[in-house]
Amino acid sequence: MTRYLIRRGLESLAVLLVMSFAIYGLMGLMPGDPIDVMVQSDPNLTPADAARLKALYGLDRPIGERYLNWLGAALEGDLGYSRLNNRPVLEVLGPRLLNTILLMGLSLAVALAIAVPVGVLSALRPYSKTDYAINFGALAGISIPVFWLALMLIVVFSVQLGWLPAGGMQTIGSEGWLDRAKYLILPVLSLSLASVGGFTRFMRAAMMESMRQDYIRTARAKGVPERRVVYKHALRNAMIPVVTILALSFGTLFSGALITETMFSYLGMGKLIYDSIMGNDYNLALVSLLFATFLVLLSNLLADICYAWLDPRVTYR
Amino acid sequence: MSIREVMAAEDGVETMPRHESMARLTFARFLEHRMAVASAVLLFVLVVLVAAAPLFAGALGLDPNDVDLLNRFAPPSADHPLGTDELGRDVLLRLLYGGRVSLIVGLVTALIAGLIGTVIGLFAGYFGGWLDALLMRITDSVIALPLLPLLIVMAAVDLGKLGLPPDLATSPETSLYRIVLIIALVGWTTVARLVRGATLSLREREYVLAAVSQGAGSLRIMFGHILPNAISPIIVATTLSVGTIILLESVLSFLGLGIQPPIASWGNMLNNAQELIYEAPALAFYPGVLIFLTVIAFNFLGDGLQDALDPKALRR
Amino acid sequence: MTAPLIEAEGITKRFEASGGLLRRSGPTVYAVNGVSFSVAPGETLALIGESGCGKTTLARTVARLYPADGGRVRFKGEDVTQARGKALKPFRRAVQMVFQDPYGALDPRLTAGAIVAEPLVIHRVGNRRSRRDRVAEMMATVGLSAAQMTRYPHEFSGGQRQRLGIARAIALDPELIVADEPVSALDVSVQSQILNLMRDLARDRGLAYLFITHDLAVVNFIADRVAVMYLGEIVELSDRDALFADPRHPYTRTLMRAVPVPGHGKRARGAGPAGEVPSPTDIPAGCPFHPRCPRAEAVCSTEKPPLEPIAGQPQRRAACHFRDEAA
Ligand SMILES: Nc1ncnc2c1ncn2[C@@H]1O[C@H](COP(=O)(O)OP(=O)(O)OP(=O)(O)O)[C@@H](O)[C@H]1O
Ligand SMILES: [Mg+2]
């Protein structure tokens, strides 16, 4: 088991390294490198100056060498400066990360609070009207474009009803949780609606699978009350794959968070990545993207560990 | 998407109907799935409508890219059945032409992704060993990655720096090919896993052994015997992926990184929707509804095909 | 004696639970353990034994469908154990398979014609036209009509499918056919038709068979020689008549103790020795048969009897400490 975990850890590390190189390379292909931007904004700089500056910053070196230099510095904790914010990248990242965790955590909680009971209901009455209605709802949730959903929420709740703010983090000059909460409702609603459909369908499948197991039949045959069979035995067993899928869906959830944050001007990591790419702040984009990748890989590792821990049928080498 | 993929991967191999009588049975089962039939009809109507876009344009005497700044945000009228947008362009025509782009991008990308996934799945499943381990690690990694940010990066890449001439690198047509390419590059994973699963089971079949014993080469066995018998999970997964791909295309285009104007797509028609939301909320409504309907239709269609092609598997 | 067509020498095959990332644990299955035999041109060697004793595994290993974990396969004196690609082609051409499940062995997506033609295509025999003629000829040989070429496997009956499988196997004029229980999935009435066909083919074309079955009546009908397998090993190897008349391994005897076989006085179908077959994951020490053997003595649980000739009958071998005791 320990050996397995070490290997999975090393594999994840390898993926992270590959990704860091790939993303570093892609960043080099972004429109306008820093010097070009500088030359454009400062008419006093000649092309010769630009070439000299590029040499100075090592931008004329081959990609592999530049990457290794960057990696070396990064490993020593020097992740560079954000051009847009004029601050070290890590300083920018920290608060954004907390905001994203808050958004994703709340959305996940809401999505699960809906998906688990609804999925179980669906599984207990397979092929009934209720089941079909739930499936329709779940598929609709999967099929709706998140950005459009956000747009429609803004139209209804901000533009027409005027109940909630259309975006931002909190009212200027106002303090306290209540005010923050007002700004959180629509983003959380949009992100949780985006994931609830998938979770519901998965919950239903897991529950149906679990109800088919032998020991459920045995428990029934022994006269264990149906409620107990369902809630104590079947549901508990069905939660094993669900826990795993939660960790595995982190990447998808993060993609959803990026859209939601961008739509509601919510200052999280997703919006940070989007803004830094659009604003040519490639250092910030690189680090935040890698950080997101790291988090996703970590959650996948956690999923594996959970699975190993919860499911006794699996052995490891 | 990842939930869908995991579920799909666990469904395993399905068997395909064997001949006309079986095909008829499959069709009958499909007809039983009412939502799938409704979806098929909806998609058919949609395809006919977008295919007939030039006819509508002719009837209205308009071009979808005709700008009419004196006639911005016009309400629906005989000249403009669904009104005009912020540049005075006809909304109905743009929806129809945008639908062409969104549907074609969705279908073509799904086919390319399906092709990539099929080849990867076949090789992994057939050869096994280190190749399988490697390919599946790659697949799992791609599934796990935060795809949208990566797609944004790939969509933002300056193709001029890859050696494309400047005017080609920034042309709207190039944006079309680019979007197909980058989404296909990450969209093959579901099919790869399904095909691998099917291959693992099919390669133990006696007709495969029979081919081996006759001296058939690996390619012949993979493409001549295994692939034709693994076609139904491929069809189902590819159909389902069309929806996912249309969603991805729309969000990238919405963010201004996908299909570039003046080519219309449902996604980029929503480009300015957020700024215009107070002035013209209806502009934001139509394209979104069409994306939603198309995607849900492909999802139901996939479900229906799954039930029809593989009656044994757990329904949906 | 003529030079053997195919020789197996010390063939060993194990199955391990495949190592994936998440593996389900399972012990190693010792399916075939050091088996040697040979088949002469035109000869039919029957391989019999209880279910799970490793007949299929042995046949597939010898036919180079499974890689051997030990031992070698020689074809016409040439070692083909490690041959691959081009070097293996002549072997593939000369050795063909017929499978137990006539449905599973035919690709459901191909027409009967395409199925029979496939070996010709693989070995680039003739052109499209001549292959068509050859397919029609092969189908006629096995009792099918050329008009059935465009049909799909599911449109045939079980017996017809097996004929199709045989037509495919003989299309390249092979020298050896490895037939793995070719009739046990068929109705009894159809079995004899297929057996007759196979025997006629052997006679007319000088075919040799490695013929797996667990039906002694079938053995009696088709075999020249018989190899009796138990837990991955051959325990008795003999010409047919001598084996039926005077089986020397206690396992062979229990197999034969049952219903009479016309002409030989004995017949057994599925009847075997008492008790459970030990698992091939955990083969008993000494003689593998000793826990179930009525003749067992102390030596049997410690010392493994080799497969050696019986006194006075050098062409017969048995792996029993008491091989020289007639019944
Ligand atoms: N691919 C495999 N993986 C693991 N174990 C296998 C595999 N194939 C066969 N075995 C095991 O090897 C042993 C021998 O199997 P084999 O199929 O050769 O027996 P058999 O004599 O042909 O049986 P039958 O009369 O039922 O066909 C059995 O215990 C079987 O479970
Ligand atoms: Mg067998």
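The values are calculated or read from the model by the stated rules, or taken from the named source; none is laboratory data. Predicted, not measured: the structure shown is a model, and the values here were computed from it. Using ideal geometry, Cβ is built from the backbone for each residue, glycine included, and neighbour counts are taken over all protein chains shown. Areas reflect the complete protein model, heavy atoms only, side chains present, ligands, DNA and RNA absent. Shrake-Rupley method; radii C 1.70, N 1.55, O 1.52, S 1.80 Å.
Note on A:ASP49/C:ARG128: beta-carbon distance plugged into 1/(1 + (r/R0)^6) with R0 of 56 Å gives a FRET efficiency of 0.20. Calculated FRET efficiency, A:ILE63 to A:GLU91, Cβ-Cβ distance, R0 = 25 Å: about 0.35 to the nearest 0.05. Based on DSSP H segments of at least four residues, each scored -39500 (n - 2.57), chain B has a per-residue ellipticity at 222 nm of -22000 deg cm²/dmol.
Equivalent ellipsoid of chain B: semi-axes from √(5λ) of the C-alpha gyration tensor, largest first, are 40, 24, 16 Å. Sequence-distant contacts, meaning Cα pairs under 8 Å at least 6 residues apart, place the relative contact order of chain C at 19 percent. Burial of accessible area (probe 1.4 Å, heavy atoms of protein chains only) in region B:133-153, relative to its chain alone, reaches at least 30 Å² for B:ARG137, B:SER141, B:ALA144, B:LEU145, B:PRO146, B:LEU148, B:PRO149, B:LEU150, B:ILE152, B:VAL153.
Per residue, the average separation of C-alpha pairs within less than 8 Å and at least 6 apart gives chain B a relative contact order of 27 percent. Accessible surface comparison of A:LEU272, B:LEU159, probe 1.4 Å, protein chains only, largest first: the order is B:LEU159, A:LEU272. Per residue of peptide C:132-141, the mean number of Cβ atoms on other chains within 10 Å of the residue Cβ is 0.
Taking label points 7 Å from Cα along the Cα-to-Cβ direction, B:LEU55 and C:ARG257 give a separation of 8.6 nm. 3J(HN,Hα) along region A:287-304, derived from phi through the Karplus expression 6.51 cos²θ - 1.76 cosθ + 1.60 where θ = phi - 60°, amounts to 5, 5, 5, 5, 5, 4, 4, 4, 4, 5, 5, 4, 5, 5, 4, 4, 4, 4 Hz, with x in place of Gly and Pro.
When only the Cβ of Lys, Arg, Asp and Glu is charged (+1, +1, -1, -1), the dipole of the protein assembly as shown relative to its Cα centre reaches about 2820 debye.
Total buried accessible area between C and B, probe 1.4 Å, nearest 100: 2100 Å². Averaged over the residues of B:155-161, the number of partner chain Cβ atoms lying within 10 Å of the residue Cβ comes to 5.
Taking A:GLU65, A:GLU209, A:GLU11 in turn, the Gaussian network model of chain A (Cα-Cα springs below 10 Å) assigns the largest fluctuation to A:GLU65. Using a 1.4 Å probe over protein heavy atoms, the accessible area lost on pairing A with B, summed over both chains, comes to approximately 4900 Å². Compared with the alpha-carbon gap, the fully stretched path from B:VAL289 to B:ILE138 is longer by 50.8 nm at 0.36 nm per residue. Shown in residue order for region A:42-51 are the 3J(HN,Hα) couplings computed by the Karplus curve 6.51 cos²θ - 1.76 cosθ + 1.60 at θ = phi - 60°: 10, x, 6, 7, 8, x, 5, 4, 4, 4 Hz (x for Gly and Pro). The length gained by stretching the chain between A:ALA181 and A:ALA221 to full extension, at 0.36 nm per residue less their Cα-Cα distance, is 9.4 nm.
Taking every protein chain into account, the 1.4 Å probe leaves C:PHE221 with about 60 Å² of accessible area, to the nearest ten. Close amide H contacts of C:ALA68 (hydrogens built in the peptide plane, cut-off under 5 Å, sequence separation of 5 or more or a different chain): none are found.
Measuring how big region B:209-316 is from its alpha-carbon positions, Rg and Dmax come out at 21.0, 72 Å. Note on C:PHE15: accessible area approximately 80 square angstrom, rounded to 10, probe 1.4 Å, nucleic acids and ligands left out. Among the protein heavy atoms of the protein assembly as shown, carbon and sulfur supply 61% of the accessible surface, probe 1.4 Å, non-protein parts ignored.
Just so you know, the Rg over Rh for region C:159-208 is 0.94, from Cα atoms, with Rh as the Kirkwood radius.
Here the Karplus curve 6.51 cos²θ - 1.76 cosθ + 1.60, taken at θ = phi - 60°, turns the phi angles of region C:40-47 into couplings of 8, x, x, 9, 10, 9, 8, 10 Hz, with x standing for Gly and Pro.
Using Cβ point charges alone (K and R +1, D and E -1), the dipole size of region A:1-151 about the Cα centre works out to roughly 620 debye.
Solvent-accessible area per residue in region C:6-283 equals 40 Å², computed with a 1.4 angstrom probe and all protein chains kept. In summary, the protein assembly as shown shows an alpha-carbon radius of gyration equal to 1.16 times the 2.2 N^0.38 Å reference for compact globular proteins. Using the Cβ-Cβ distance between C:GLU137 and C:SER157 with R0 = 22 Å, the FRET efficiency computed as 1/(1 + (r/R0)^6) comes to roughly 0.50.
Of the chymotrypsin sites (Phe, Trp or Tyr not before Pro) in region A:116-211, which ones lie in a loop per DSSP and count no more than 13 other C-beta atoms within 10 Å? Filter output for region A:116-211: A:TYR127, A:TRP163. Close amide H partners of C:VAL277, meaning residues 5 or more places away or on another chain with modelled amide H under 5 Å apart, do not exist here. Excluding ligands and nucleic acids, what accessible area in Å² is computed for C:THR2 using a 1.4 Å probe, to the nearest 10? Accessible area, nearest 10 Å²: 90 Å².
For region A:90-310, just say rounded, prolate or oblate: build the C-alpha gyration tensor, square-root its eigenvalues into a ≥ b ≥ c, call rounded for a/c under 1.5, and beyond that prolate if a/b exceeds b/c, oblate if not. The shape class here is prolate.
Gain on full extension, evaluated as 0.36 nm per residue between A:ALA22 and A:VAL159 minus their Cα-Cα distance, stands at 45.1 nm.
Take region B:164-262 with all the other protein chains still there, run a 1.4 Å probe, and you get 32 Å² of accessible area per residue.
Inter-chain neighbour count for C:277-284: the average number of beta-carbon atoms from partner chains within 10 Å of each residue's beta-carbon is 0. The residue list A:THR262, A:ALA234, A:ALA219 was ranked by how far each Cα lies along the charge dipole of region A:214-265 toward its positive end, using unit charges on Cβ atoms, and A:ALA219 comes out on top.
Per residue, the average separation of C-alpha pairs within less than 8 Å and at least 6 apart gives chain A a relative contact order of 26 percent. The H on the amide N of C:VAL178, modeled in the peptide plane, is under 5 Å from the matching H of C:GLN96, C:MET97, C:VAL98, C:LEU210, each at least 5 residues off or on a different chain.
Here the Gaussian network model covers chain B, with springs between Cα atoms less than 10 Å apart; of B:SER232, B:SER250, B:SER213, B:SER213 fluctuates the most.
Normalised per residue, the accessible area of region A:90-310 is 42 Å², obtained with a 1.4 Å probe and no contribution from ligands, DNA or RNA. Name the most mobile residue of B:GLU279, B:GLU32, B:GLU249, meaning the one with the largest mean-square fluctuation, in a Gaussian network model of chain B with Cα contacts below 10 Å. Residue with maximal mean-square fluctuation among B:GLU279, B:GLU32, B:GLU249: B:GLU279.
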